[in-house]
Amino acid sequence: MSEAVIHDDHHDHDHKPTGIGRWLFSTNHKDIGTMYMVFALIMFFIGGAMALVIRAELFQPGLQYVDPQFFNSMTTVHALVMIFGAVMPAGVGLANWMIPIMIGAPDMAMPRMNNMSFWILPFAFTLLLSTFFMQGGAPAGGWTMYPPLVLQLGDALPFLIFAVHFLGVSSIMGAINIIATVFNMRAPGMTFMRLPLFVWTWIITAFLLIASMPVLAGAVTMLLTDAYFGTSFFNAAGGGDPVLFQHIFWFFGHPEVYILVLPSFGIISQIIPTFSRKPLFGYASMVYATAAIAFLSFFVWAHHMFTVGMPLTGELFFMYATMSIAVPTGVKIFNWMATMWRGSMTFETPMLFSIGVLFMFSIGGFTGVMMGITPVDFQYHDTYFIVAHFHYVLVPGIIYGIFAGVYYWLPKWTGNMYDEKLGKLHFWTSTISVNVLFFPMHFLGLAGMPRRIPDYNVQFTDWNQVASVGGFAFGLSQLILVWVVIKCVRGGEKATDQVWEGAHGLEWTLSSPPPFHSFTTPPQVTDATAHS
Amino acid sequence: MILALEESEENDAGFVIMPNAAMPWRQQVLLYSIIAAFSLGVGVGFYFQGLTYILPFAGLEVGALGAALYFSARQGMKKEVIRIIKDKVRVETGRKQAENVHEFERSWVQVVMKQPQHQWYPSRLMLRSHGKQLEIGQFLNEEERKGLAIDLRNAI
């Protein structure tokens with residue numbers, strides 16, 4: 001509403017701030033989205049470097065390069081960096097960039113909060129990574145921070161806890177912003193059942209964050225007070241129960257898995273219809289399946305701790321609840337396949353990565369179902385089988401989804417087409433190496449190799465060497481992505497507004513790159529301009 | 001969204017202009033209540049298990065979400081009422097009640113539709129008279145703004 005009397009006729013609507021101020025004080029959803037993505041990429045390489053330290057150490061039995069304490073720090077901080085520093089910020093970055101232009105909004109509902117939620121991240125990771133230089137070393141008790149082990153940490157403990165708090169605050173602010181934006185800022189005609197699937201998956205992810213983050217915040221605060229203020233929440237000697245921590249950690253931790261994976265599902269739900277040149281099969285069932293996955297995720301947490309000792313009834317409940325998640329997940333997998341069925345398919349890089357998600361997330365899903373079976377889990381628990389399982393879910397399942405999204409929207413963001421040959425090279429080198437890296441871990445786990453150990457029995461050597469070669473190859477493959485992005489930002493064939501022939505949705509009605517202020521007036525959405 | 005005011009003794013013609021409220025406030029309250037009940041319910045459940053620190057965090061977070069939804073929804077409650085009353089054109093801006101009132105001489109006021117230099121930018125609709133101008137209908141989409149300009153010209 002214009003209450004001010006305007007005297008100046010020469011308003012520059014596309015006024016862009018310049019210099020470092022543009023980024024430091026940005027309230028523009030695209031700039032903040034870009035910052036999130038760049039931050040995520042940097043953290044991906046930092047976390048990746050830690051993974052390579054692990055793989056180098058495990059190339060052969062015995063201790064080669066690092067001492068066991070540092071090795072454990074590597075596994076712990078690698079997980080924290082990858083989950084909270086790479087995957088979550090990448091998802092939030094994509095949400096920032098795409099949600100407003102997908103729903104026809106000029107920006108996020110709370111632009112200043114958006115700025116804050118980003119700038120908390122570098123601060124939080126500075127806290128976390130500074131622990132490597134502290135007495136007692138960096139956190140080494142696993143990313144799950146189980147007491148009493150984590151309480152034996154040196155000076156790093158409060159830094160770890162405050163870093164987790166800040167990361168939680170950042171995530172919650174992002175979630176609140178997304179909910180407020182989608183609730184209040186949809187363009188006329190953009191009803192809920194016309195929302196692109198990516199937006200749907202993010203609303204549901206935001207609900208998951210809202211429901212699960214206070215549990216993590218409470219859990220780590222109780223660790224802090226147990227360590228420094230004499231409480232005994234998790235101290236058996238004082239009447240507490242360390243197993244209780246595991247319960248609340250996984251009450252947060254399992255929804256966290258879906259917080260990571262649902263946006264990826266949303267991304268490939270945009271991409272598969274585009275390159276199949278068909279509308280998404282079963283849009284409504286996709287929405288309901290996503291909501292069902294999210295809802296069920298709150299009732300399965302104890303499958304992470306079957307071996308801790310719990311009543312048979314509890315084991316049965318959590319086993320069946322875990323199995324039931326495979327149903328809505330299966331709905332999604334089959335809907336993606338049905339979308340491709342008899343489609344006029346082409347295999348550009350985003351589609352290749354999406355198909356990669358479909359195949360390899362399914363591998364991770366199947367091994368997940370295996371471990372959901374309680375008696376079987378007793379065998380697999382804390383072995384390399386679980387490491388193989390969650391890496392199949394996280395890397396070719398989730399990170400591939402993010403790669404797919406980056407390739408899909410990069411021409412829209414930059415106005416230039418990326419180098420398709422290099423994109424495909426990135427896909428194939430990554431796909432071969434990621435399987436060389438993680439598939440042998442199934443064999444190692446089934447053979448009994450425990451996770452989180454720097455040294456191992458010689459019988460595990462061969463597959464560890466194969467995995468390490470895969471690890472280094474996968475790491476090097478990611479340099480191709482960096483080169484593709486830099487090359488695309490610097491120039492290249494100009495992208496059209498629609499970019500992809502089969503793309504539908506409001507984001508493709510804007511120019512490539514979109515103006516600094518997009519949709520300053522809301523577009524009218526119809527079935528024709530809604531999701532694909 | 002534009003609503004035409006009925007002709008009455010008070011005004012010859014008039015329009016009420018409101019931004020697109022993507023979701024009615026009542027629906028937002030309902031959805032918010034569900035989210036809050038779940039989140040606080042989890043906090044209360046853990047509280048009775050002796051894990052007392054989760055509930056305050058849940059409360060803080062639910063409060064922040066409520067505030068964000070309220071302030072965001074308030075933006076959608078803005079309203080511009082344009083009344084054409086005998087020789088005056090009165091523009092009232094506010095939410096439920098008029099907070100600012102601008103008056104123009106009906107015989108002098110011009111309805112100016114400024115076209116943007118590039119299609120990226122929106123057009124701008126102004127009421128202009130005696131060197132002062134007031135932009136109206138910023139939150140309308142292009143079609144609605146063009147329609148309002150025509151209706152205003154006809155009415156004035």
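Compute the signed sum of charges (Lys and Arg +1, Asp and Glu -1) over the other residues within less than 12 Å, Cβ to Cβ, of A:LEU209.
Working: positive: none; negative: A:GLU256, B:GLU61.
Around A:LEU209, the surrounding residues sum to -2.
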* Structure fact -> Longest chain A segment clear of chymotrypsin sites (Phe, Trp or Tyr not before Pro) sitting in DSSP loops (not H, G, I, E or B) with at most 15 other Cβ atoms within 10 Å runs A:348-515
* Paired Rg and Dmax values of the range B:25-75, which use every Cα atom, in angstrom -> 12.4, 41
* Report the calculated FRET efficiency for B:ARG26 and B:LYS86 (r = Cβ-Cβ distance, R0 = 30 Å), to the nearest 0.05. => 0.20
* Asked: Considering the alpha-carbon set of the range A:353-487 alone, what are its Rg and its Dmax in angstrom?
  -> 16.8, 54
* Structure fact -> Given the candidates A:VAL525, B:MET23, A:TYR146, the one whose Cα lies deepest towards the positive end of the charge dipole of the protein assembly as shown, counting +1 at each Lys or Arg C-beta and -1 at each Asp or Glu C-beta, is A:VAL525
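Expressed as a fraction of 2.2 N^0.38 Å, the rule-of-thumb size for a compact globular protein of N residues, what is the C-alpha radius of gyration of the range A:194-270? Can you show the working numbers first?
Values: Rg = 16.9 Å, N = 77, 2.2 N^0.38 = 11.5 Å.
Rounded to two decimals, the normalised Rg is 1.47.
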* Percent of alpha carbon pairs in chain A separated by more than 43 Å? -> 16 percent
* What does the charge dipole of the range A:31-509 about its Cα centre add up to, to the nearest 20 debye, if the Cβ of each Lys and Arg holds +1 and the Cβ of each Asp and Glu holds -1? -> 1060 debye
* Helix B:142-155 versus the longest principal axis of chain B: what angle, 0 to 90°, nearest 10, using Cα atoms? -> 40 degrees
* Give the angle, between 0 and 90 degrees and rounded to the nearest 10, that separates the Cα long axis of helix A:111-130 from the longest principal axis of the Cα atoms of chain A. => 30 degrees
* To do: Can you check what the net charge comes to around A:GLY309, using other residues whose Cβ is under 14 Å from the Cβ of A:GLY309 (Lys, Arg +1; Asp, Glu -1)?
  => -3
* To do: Return the tail of the calculated pair distribution for the range B:50-155, meaning the percent of Cα-Cα pairs more than 15 Å apart.
  => 72 percent
* Gain in span if fully extended, A:MET323 to A:ALA236, counting 0.36 nm per residue against the direct Cα distance -> 28.0 nm
* For helix A:312-340, what angle does its Cα long axis make with the longest principal axis of chain A, in degrees from 0 to 90 and rounded to 10? -> 30 degrees
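Bear in mind that the values in this text are calculations on the coordinates, not laboratory data. For clarity, every value in this text was computed on a predicted model and none was experimentally measured. Please note: Cβ atoms are built from the backbone with ideal geometry, for glycine as well, and neighbour counts cover all protein chains shown.
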